[in-house]
Amino acid sequence: MLQEDNTIKIPQSLYAFRGHFVGNPIVPGIYSLELAVHLVSRILKHEVTLHKVIRCKFMKPLTPGMELASKIQLLSTENNEQKAKVQFLIDDTVTVDIHFIVIGTTKKLC
Amino acid sequence: MSIEKYLPHRDPIRLIDKIISHDEASIICQVDWPKKKFFHNNSHTAMIEMIAQASAVMMAYKKTGQDGLGMLTAIKNFNFIATPNPSDNLTVEITVEGGLGQHKIVNGTVYQQQKSLVKGRVFLYLETKHSEKQNE
């Protein structure tokens, strides 16, 4: 789903669509959070864990075939906590807006 | 009675397995966590989904959710305290804090053996019944 250039292409055959929902496939909201955490991890070049969700807004359901751009901002860092803001956009319109905090691990991404 | 009567989520996404208790403004549900292997590597976000699903169960069970699909519109202030042990069940406690019309605000906590693992708030939008729309 997540491409090398940080864009997202939602596949027609996402495994989660089997149960979310039958006959009405919508990407579960938590997938957006997982993608956001992964994007931050990619920028920091080490694995991170979701520590706190400050706010996350879902403006539009994500459905099969959609293509999204991502906008990632690393905000303040305190101790081992990295605050970040990630937005997913379709045609410059924000569809998901996430403010969250991750904590770093020492594991480097390959 | 099957939980699926109150929840549109199906395997592999369905997390809530049964209702343990409920009252006017709250509900406690159980998640058979050892069987939810699909989520074990993403347990933090899975716990958010548990709170969202338990909220959906509550709305449907209380028939405040009409017969349409409820949508998760926002989540706020989720603090992760601990990661669940994969071998024990989880309980999800939901309390309705308020709402306006079709919008509901719900507070949730996930526990494992009385230990709180995460707390947070979800915002839901509940679709209106087709018949109600026609009467408007």
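When A:ILE30, A:ILE98, A:ILE72 are checked against the criterion of being free of Cβ contacts under 8 Å to residues at least 40 places away in the same chain and under 25 Å from B:ASN77 (Cβ atoms), a single residue qualifies: A:ILE30. When each of A:GLY29, A:GLY65, A:GLY23 is tested for being among the small types (Gly, Ala, Ser) and under 11 Å from the mean Cα position of the chain (by Cα), the lone residue that passes is A:GLY29. Is at least one residue of the range B:19-32 touching a helix residue (DSSP H, G or I) at 6+ places or on another chain (Cβ under 9 Å), more than 22 Å from A:TYR31 (Cβ to Cβ) and in a helix (DSSP H, G or I)? No, there is no match, as no residue in the range B:19-32 is touching a helix residue (DSSP H, G or I) at 6+ places or on another chain (Cβ under 9 Å), more than 22 Å from A:TYR31 (Cβ to Cβ) and in a helix (DSSP H, G or I). Of all residues in the range A:33-65, those that are polar (S, T, N, Q) and either surrounded by 19 or more Cβ atoms within 10 Å (Cβ to Cβ) or in contact (Cβ under 8 Å) with a residue 60 or more places away in the chain (or both) total 1. Would the range A:55-65 turn up any residue that is in a strand (DSSP E or B), within 20 Å of A:LEU14 (Cβ to Cβ) and at pLDDT 95 or above? There is at least one residue in the range A:55-65 that is in a strand (DSSP E or B), within 20 Å of A:LEU14 (Cβ to Cβ) and at pLDDT 95 or above. Look at (1) outside any strand (DSSP E or B); (2) more than 14 Å from chain A (Cβ to nearest Cβ); (3) within 21 Å of A:LEU33 (Cβ to Cβ) and you find that B:ALA46 fails only one, number (2). For B:VAL31, the criteria (1) surrounded by 14 or more Cβ atoms within 10 Å (Cβ to Cβ); (2) more than 12 Å from every other protein chain (Cβ to nearest Cβ); (3) more than 11 Å from the chain's Cα centre (by Cα); (4) not polar (S, T, N, Q) hold in every case but one, which is (3). With respect to (1) within 14 Å of chain A (Cβ to nearest Cβ); (2) modelled with pLDDT under 95, the lone exception for B:PHE78 is condition (2). For the range A:66-75, the count of residues that are surrounded by fewer than 18 Cβ atoms within 10 Å (Cβ to Cβ) and within 25 Å of B:ALA82 (Cα to Cα) is nonzero.
For the range B:35-44, residues that are closer than 29 Å to B:LYS62 by Cβ and either in contact (Cβ under 8 Å) with a residue 40 or more places away in the chain or among the small types (Gly, Ala, Ser) (or both) total 2. Restricting attention to the range B:5-18, the residues that are assigned to a helix (DSSP H, G or I) and surrounded by 13 or more Cβ atoms within 10 Å (Cβ to Cβ) total 0. Checked against (1) crowded, with 18+ Cβ neighbours inside 10 Å; (2) within 14 Å of chain B (Cβ to nearest Cβ); (3) not hydrophobic (A, V, I, L, M, F, W, C), A:ASN24 meets all criteria but (1). Per the conditions (1) surrounded by 22 or more Cβ atoms within 10 Å (Cβ to Cβ); (2) assigned to a strand (DSSP E or B); (3) within 14 Å of another protein chain (Cβ to nearest Cβ), the sole criterion not satisfied by B:LYS104 is (3). Comparison of A:GLU81, A:GLU4, A:GLU47 shows that the only residue that is over 29 Å from B:GLU127 (Cα atoms) and out of contact with any strand residue (DSSP E or B) (no Cβ under 9 Å at 6 or more places or on another chain) is A:GLU4.
The values are calculated or read from the model by the stated rules, or taken from the named source; none is laboratory data. None of these values were measured; they are calculated from a predicted model. Reconstructed Cβ throughout: ideal geometry from the backbone, glycine too, with neighbour counts over all protein chains shown.
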